[in-house]
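K.L.:
Would you mind keeping the following structure in view while I ask a few things?
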Amino acid sequence: MLKNYLASMAILLSTSLFAQDYFPKNDGVHTINKNYTALTNAKLFVTPKKIIENGTLLIQDGKVVASGNSISIPKNAVIIDVEGKSIYPSFIDIFSSFGIAAPTSVSSSRRSNQYDASRSGYYWNDHILPDQHAVDQFSYNAKEATELLKAGFGIVNTHIPDGIIRGTSVLITLNNNQGNQYRILDANSGQYSSFQRSKTSKQAYPNSLMGSMALLRQVFIDAEWYSSGHIDTKDLSLEAFNENKNLVQFFDAGSRANIMRADKVGDAYGVQYVMLGGGDEYERVADIKASEAKLILPLNFPDTYDVEDPFLSSALTLGDMRSWNQRPSNPKILADNGITFAFTTHSTKSLKEFKSNLLKAIEAGLPKEKALEALTTIPAQILGKEQIIGLLEEGHLANFIVTSGDIFDKKTTIYENWVQGNKTAFEDINKKDIKGDYKVTLANNEYTMAISGELSKPKIEIKQDDQKLKAKLTYKDDWVQIAIASKDSLKQEFIRIAALAEKDRMLKGKYILPNGSEFPFTATATEKEADESKAETKTEDTAPLFPVTYPNKAYGFSEMPKAETLLFKNGTVWTNEKDGILEHTDVLIKDGKISKIGKNLSNGKATIIDATGKHLTAGIIDEHSHIAASAINEAGQNSSAEVTIEDVINETDVNIYRNLAGGVTSIQILHGSANPIGGRSAIIKLKWGESADNLVYDNTPKFIKFALGENVKQSNWGNGRFPQTRMGVEQVYIDYFTRAKAYDALKKSGKPFKTDLELEVLAEILNKERFISCHSYVQSEINMLMKVAEKFDFNINTFTHILEGYKVADKMVEHGVGGSTFSDWWAYKFEVNDAIPYNASIMHNAGVTVAINSDDAEMSRRLNQEAAKTIKYGGVSEEEAWKFVTLNPAKLLHLDDRVGSIKVGKDADVVLWSHNPLSIYAKAEKTIIEGVTYFDIERDKAMREAIKKEKSQLINMMLQSKNKGAKTQPVKKKEHKHLHCDSVENEI
Amino acid sequence: MKTFLTYIAFVCSMTVLAQQTPASKQTKDIAIIGATAHIGNGNTINNSTIILSEGKIVNIVDSDVVKLNLTNVDVINAGGKHVYPGFILPNSTMGLVEIDAVKASDDEKEMGAWNPHIRSLIAYNAESKVIETLRPNGVLIGQITPQGGRISGTSSIVQFDAWNWEDAAIKVDDAIHLNWPSNFSSSHAFFSNTRTEISANEKYDAQIKEIETYFKNAIAYSNGDKQPVNLPFAALENIFRGTQKLFIHVNEEKGIIDAVNFIKTFQLNNVVIVGAKEAYKTADILKENNIPVVLNRVHSLPDSDDNDYNLPYKTARLLVNQGVTVCLDSSGDMERMSSRNLPFYAGTTVTYGLSKEQALQLITLNAAKVLGIDTDYGSLEKGKSATLFISEGDALDMKTNNISHAFIDGRQISLETHQTELWKRYSKKLKNQ
């Protein structure tokens, strides 16, 4: 097939080939062709909005000279009449890696990690590659180009899809006839970035999403510093980055959540990225809109799940099932919300699938005009090239496709794709359309004849008296040749027809009977095809679109619950204040705050909740959690103070809901314990359904995770990174704080200084603006860190885990550090051999502020029970035990002025329990944050029913879809990785 | 605080020991009077008298109805307190691993797939420091179960106060453990940052065929002259005779149904389903075939985002209400150190629908029945072993689980541990400063 295409391209229309006027010529005379080409009588889509019936497109030298109705055609014009055909601008794909060889992964034979960069003269990190230029690497691939041309594309913006900063793209035409001197429209058309490491380097940092974000930020800062001449040495990466600064900035985000993340990074440094989407943007369309990012959308929709096996399909989640139902509507929803987007073939399995998914998106309601814009004018605008590409006005490249009709109709044929005035033909444009139903009379017998399929290989079906006859059809150069076997198949006799298609669906010629006699033949088709397609669209029932919930999965809210005025009557109220535990007491919640506590309260507007026999407490606060995060450890370096969990909050984690069902209202999501200096925390309220950013406390206290012991010295896995002993750990701290102190002094001196995100954070610690929660086990290292802190004149805020805290509780009191510990975990590694469940009570008795934490998604939802264990192990009073999971963690997190107790004026973060909350028999019935009921045991029951119902509807729809012949995919079971401190992996 | 002082002298000499010294044989009769006796079979006696003699419960009566002669008997006045049968922990690796991250201390999993001949008992470390921490919570008996492979090996049942594995053994080689294949296979899993996608297990049917073939071969072997000796086949012999139990570890609905069909095909009549997370969907089949269940740890997360948040909490109730015999295990992450929470797993099933006495059965008489030791253990009944404890309050609730006395076969065991010693030692240190 390919050969044919290339042969059909031989019609040379405009400028001389492969040469420019200043090039020497030794194979003949200089020829210059200044002829015009005029395509006339077309339905001409000058732009998606400007459509001209019977229009003329006049081109010369690869460009549009004029387009419209009343074009005067110059005498030296070749005229091509395309009556009845449509002309569209060719499509543009701005997220392409056309002609770029896949980056080769570096061999993984190296056992130990690589910490330093592989290159010198460049940035210190191998994943920062702004010095890459796609124009240097791309090799024009005519075969690949032809496939794209066939799908309607005429221009691609191609880049090297590797690394966090990937360097510049090149904008090229898919011009198979001319060389790169014509194809390259812009050799530096944009810069591409992503969160993904380069495959070509094993350099360990960054190994997490948040590490990538921090690294990007630091590059912006370093590049600025470099450009202002502050760095004496050569850095070719930063030079390139600075050169690329004013280009269009593209970002390979790939999902709704990552679009928001990239936007946050971009906003901080004045860059508005054009983002590659992931198809889930509709889930929080308002946030996407607010980002003001233009999007590039791949067209990937989940195949129908094969749900025939009820055992396997029970592993399917509602979230995945909904994706199948909703994702085809993503482009429509974005269009409805005025979000600008282009389409890309990136990551779609095949161009055929791209087309079918494009039609699916239109079927789901995307207006055709928007679809066309997303393929033509918008990509041109994003590139800032709307003056030369994307539409068919004067001066634009003569890049267009000629089709049999509506480009967004399944049955439409793309005849030709012209790029810079060079035609590639896929079907003969003049070929008459012979498809249709014919009634013919041959030798006094009536036959019906149906011709269908593609004109290059049409299919025929012939019936006589409803009996199907064997027949063969060939169609070439407007000549139809048909051989029909006779009814009696034993005879092996044929009637032959030879007819010319004089017009569309009109055949004229002769037929020859088996006996050799010839008769004239004419046949005209009824226009059944058109009728059929109409009928089809009518009967094709559009599947119902299931509404989005927040988050868009099981137990999500279809409408976010609102803050209410609530009056709890006659409950047992655990105040955590001087008043202690009050029986038969009322609590009024208003405007998100605790408004009144007392007896016989009333409020006309309040919803009354009978709390008789029940217990009302402050919400549980988990000082040490790893739920609701997409990454936990940036393990690529021994310090990662520059990263923050706030960057990677995953607000869709169902464990938020499960925690609410266990009475938890606030958590600190801590960085893991892979390195002595970890990352910054996210301190959040469990406002299930809200966006990631809305979970974080306003004016949040600033925290960072430190870690000691086996994990940071890599006792139980690979090695090669300092420190490998507890002795080294101390020196890491001394080194970093010494440098941070110098950094802070320089900063405060008023002299110029380069912002270092890592030292910035450490300086905050020195300045007592940021607090440390340190993962710790054995007494020696606990003692050590307090001494290091004292040397630098600050305090450790919290030791978390602190399983040998009981051995040094006196020293902790003296230092003024709190302890947040497990109730009864131990024996999971050597350093917890002396961990005892009495730890909390001993520390408490010694005067340490003690909290009980989880570090675990399962335990966190029953921290009330964990607190109760301190009654058993060490005899803590109920009132104090309860503070271990409420007021004390609030104190440790510097939140006790807002949460942690039931006190007038504090946030209304409260839980209504069925029993004494320290009892194994207690259930949270309502969990309220700032007056909003995020968990309600009765509503939960209704949700379960709704989930069941929606899932069975979706199963049914999937079965129907499969029966209609839809492509299916097998069910996959999804298991959450429950992240702990030790969760270290390459997270991207 | 008073109790601390009495221990001070003791502590200094104790701390060097690896574990508590096992108690010696009961020499004198003991009467526990006035306590609420939780029999373990669903009943209670509010004001009970229990007589322990030569390691057995020789009498248990309602003191309000029957007055026993208590002369020459050590009397423990337990008025207002509660007496429970020792809690029983099935499907446990207690004593097979000491510290998770220290490979040298790990003996739970032998290499290879077909290991019926591998016996847990001989590796059981009766002196494990983890084991002694179970006793102060009332967990006194366990089934020590090897892990891994298709047939992981042979378990034995032990009591938790012994010098060595021989002393510890209550029932040697009680059961063989078969790990049923899963409908999903992680061998082709796709790992992302926070979740794992697991494909359907294409080999599931073939793996079941493999089990069938293996069992057929084992039967053929036992029908022949048994030459040459085949250790794994020989180890399976008692399964076919019905004199040894087969524990099939399986969680998925379809797996359970297939396992039950397998049991029927091979006419195995002494089988237990372990794990059983989805058994609530197949309760009728289990009941009909009289197959009991060892239910996976109650304090677990649901497997699917869509599941009820409390599904693991209420599964026991769903099964019990449909007439299935259920007991509870502690398997999962942090298994051994969490096993002392067994009573609280039972407590949670009360929160989600069972009565307290029903919940108690799950870790006492039901467990004894499932393990085949109910003639001697699992309830406070005349003639059974005096393996029981006294708690100040409700032992299923951590708030009130506070044990003053515990007996195994009438021996009053130490409730001290490495942990209580450190507690006392450092409490004293801090107090004296």
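Each value in this text was obtained by applying a stated rule to the coordinates, not by laboratory testing. None of these values were measured; they are calculated from a predicted model. Here the Cβ positions follow ideal geometry from the backbone for every residue, glycine too, while neighbour counts run over all protein chains shown.
K.L.:
Across 10 Å bins from the origin, how do the percents of Cα pairs in segment B:217-317 run, short distances first?
P.N.:
Bin by bin from 0 Å, the calculated values are 14, 39, 26, 15, 6, 1.
K.L.:
Hey, got the average number of other protein chain Cβ atoms within 10 angstrom for residues in A:823-834?
P.N.:
Per residue, the average neighbour count from other chains is 6.
K.L.:
Rounded, prolate or oblate: which fits segment B:88-241, taking a ≥ b ≥ c as square roots of the Cα gyration tensor eigenvalues, rounded meaning a/c under 1.5, else prolate when a/b beats b/c? Intermediate values should be presented prior to the final figure.
P.N.:
On the way: a/c = 2.39, a/b = 1.15, b/c = 2.08.
In terms of gyration-tensor shape, oblate.
K.L.:
Straight distance only, please: which lysines reach the Cα of A:LYS503 with their own Cα at less than 16 Å, same-chain residues fewer than 8 apart left out?
P.N.:
A:LYS85, A:LYS431, A:LYS432, A:LYS435, A:LYS476
K.L.:
Given +1 on the Cβ of Lys and Arg, -1 on the Cβ of Asp and Glu, and no further charges, what dipole in debye does chain A carry about its Cα centre, rounded to the nearest 20?
P.N.:
Roughly 1600 debye, rounded to the nearest 20.
K.L.:
OK, next. What list do you get for B:LEU70, B:LEU301, B:LEU231 if you sort them by fewest beta carbons within 10 Å?
P.N.:
On the way: B:LEU70 14, B:LEU301 20, B:LEU231 10.
Listed from fewest to most nearby Cβ atoms, that is B:LEU231, B:LEU70, B:LEU301.
K.L.:
Which lysines, if any, have their Cα less than 19 Å from the Cα of A:LYS787, not counting same-chain residues under 8 positions apart?
P.N.:
Those lysines meeting the cut-off are A:LYS705, A:LYS741, A:LYS768, A:LYS807, A:LYS811.
K.L.:
So if I take the centroid of the Cα atoms in segment A:827-875 and the same for segment A:209-244, what is the distance between those two points in Å?
P.N.:
Measuring centre to centre over Cα atoms gives 46 Å.
K.L.:
Right, here's the next one. How big is the charge dipole of chain B about its Cα centre, in debye rounded to the nearest 20, if each Lys and Arg gets +1 on its Cβ and each Asp and Glu gets -1 on its Cβ? Please list the in-between numbers first.
P.N.:
Values: 41 positive and 48 negative charges, 192 e Å.
Approximately 920 debye in magnitude.
K.L.:
While we're on this one: Quick check: Cα centre of segment A:548-573 to Cα centre of segment A:316-388, how many Å?
P.N.:
35
K.L.:
If I fit a long axis through the Cα atoms of helix A:726-749 and take the longest principal axis of the Cα atoms of chain A, what angle between them do I get, 0 to 90°, rounded to 10?
P.N.:
That helix lies at roughly 80 degrees to the long axis.
K.L.:
Under a point spin-label approximation (7 Å from Cα along Cα-to-Cβ), what is the A:ASP477-A:HIS230 distance to one decimal in nm?
P.N.:
Between A:ASP477 and A:HIS230, the simple spin-label model gives 7.6 nm.
K.L.:
What is the calculated FRET efficiency for A:VAL78 to A:ASN41, with r their C-beta to C-beta distance and R₀ = 25 Å, to the nearest 0.05?
P.N.:
Numbers: r = 15 Å, r/R0 = 0.59.
That pair, A:VAL78 with A:ASN41, gives E of 0.95.
K.L.:
Please give the calculated 222 nm ellipticity per residue for chain A, where each DSSP H segment of at least 4 residues contributes -39500 (n - 2.57) and the sum is spread over every residue; nearest 500 deg cm²/dmol?
P.N.:
Here the helix-only value at 222 nm equals -7500 deg cm²/dmol.
K.L.:
To continue, here is another question. Please give the helix A:209-227 orientation as an angle from the longest Cα principal axis of chain A, in degrees from 0 to 90, rounded to the nearest 10.
P.N.:
80
K.L.:
Within 10 Å of each Cβ in peptide B:295-307, how many partner chain Cβ atoms are there on average? Round it to a whole number, please.
P.N.:
6
K.L.:
Would you order A:ARG898, A:ARG327, B:ARG340 from fewest to most other beta-carbon atoms within 10 Å of each residue's own beta-carbon? Intermediate values should be presented prior to the final figure.
P.N.:
Working: A:ARG898 20, A:ARG327 23, B:ARG340 26.
Fewest to most other Cβ atoms nearby, the residues stand as A:ARG898, A:ARG327, B:ARG340.
K.L.:
Moving to a separate point now. In what sequence do A:VAL664, A:VAL910 fall when counting other Cβ within 10 Å, fewest first?
P.N.:
Numbers: A:VAL664 31, A:VAL910 27.
Sorted ascending by nearby Cβ count, the order is A:VAL910, A:VAL664.
K.L.:
At 222 nm, what value in deg cm²/dmol follows for chain B if DSSP H runs of at least 4 each add -39500 (n - 2.57) and the sum is divided by all its residues, to the nearest 500?
P.N.:
Details: 12 runs with 121 residues, N = 433.
Estimated from H runs of four or more residues: -8000 deg cm²/dmol.
K.L.:
Report the antiparallel proportion of the DSSP beta bridges in the protein assembly as shown as a percent, rounded to a multiple of 5.
P.N.:
Working: 154 of 242 bridges.
Looking only at bridges with both residues in the protein assembly as shown, the antiparallel portion is about 65 percent.
K.L.:
Where the centroid of each part is defined by its Cα atoms, how far is segment A:619-662 from segment B:95-155 in Å?
P.N.:
Each part's Cα centre sits 34 Å from the other's.
K.L.:
Restricting things to Cα coordinates, could you compute the convex hull volume per residue of segment A:832-988 in Å³?
P.N.:
On the way: hull volume 31.1 nm³, N = 157.
Spelled out: Cα convex hull of segment A:832-988, divided by residues, is 198 Å³.
K.L.:
For segment B:118-187, rounded, prolate or oblate, judged on the Cα gyration tensor with a ≥ b ≥ c (square roots of eigenvalues), a/c < 1.5 rounded, else prolate if a/b > b/c? Provide the component values of the computation, followed by the final result.
P.N.:
Numbers: a/c = 2.68, a/b = 1.85, b/c = 1.45.
It comes out prolate by the Cα gyration axes.
K.L.:
Turning to a different aspect of this structure: Counting DSSP beta bridges in segment A:620-893, what percent are antiparallel, to the nearest 5? Show your work: numbers first, answer last.
P.N.:
On the way: 8 of 30 bridges.
Around 25 percent antiparallel, to the nearest 5.
K.L.:
Tally the DSSP beta bridges in chain B and give the antiparallel ones as a percent, rounded to 5. Provide the component values of the computation, followed by the final result.
P.N.:
On the way: 39 of 69 bridges.
Percentage antiparallel, nearest 5: 55.
K.L.:
A follow-up question, please. Under the rule a/c < 1.5 gives rounded, and otherwise a/b versus b/c splits prolate from oblate, where does segment B:256-402 land using the Cα gyration tensor?
P.N.:
Values: a/c = 1.94, a/b = 1.19, b/c = 1.62.
Because a/c hits 1.5 or more and a/b fails to exceed b/c, segment B:256-402 counts as oblate.
K.L.:
If you take the Cα Rg of segment A:620-893 and divide it by 2.2 N^0.38 Å, with N the number of residues, what do you get? Could the numbers behind the result be given before it?
P.N.:
Working: Rg = 17.9 Å, N = 274, 2.2 N^0.38 = 18.6 Å.
With N residues counted in segment A:620-893, Rg over 2.2 N^0.38 Å equals 0.96.
K.L.:
So how much slack lies between A:GLU239 and A:VAL904, counting 0.36 nm per residue of separation and subtracting their Cα-Cα distance, in nm?
P.N.:
Numbers: separation 665, 0.36 × 665 = 239.40 nm, distance 5.77 nm.
Working it through step by step, the gained length comes to 233.6 nm.
K.L.:
Can you report the principal axis dimensions of chain A using only the alpha carbons, biggest first, rounded to whole angstrom?
P.N.:
That gives 115, 70, 55 Å along the principal axes, largest extent first.
K.L.:
Would you be so kind as to identify which of B:LEU68, A:VAL271, B:ALA206 lies farthest towards the positive end of the dipole of the protein assembly as shown, taking Lys and Arg as +1 and Asp and Glu as -1 on Cβ and the Cα centre as origin?
P.N.:
Going by the Cα projections, it comes out as B:ALA206.
K.L.:
Which residues among segment B:256-290 fall inside the zone where the amide N is under 17 Å from a point 7 Å beyond the Cα of B:ILE219, along Cα→Cβ?
P.N.:
B:259-271
K.L.:
Cα axis of helix A:779-791 to longest principal axis of chain A: angle in degrees, 0 to 90, nearest 10?
P.N.:
On a 0 to 90 degree scale, this one is about 90.
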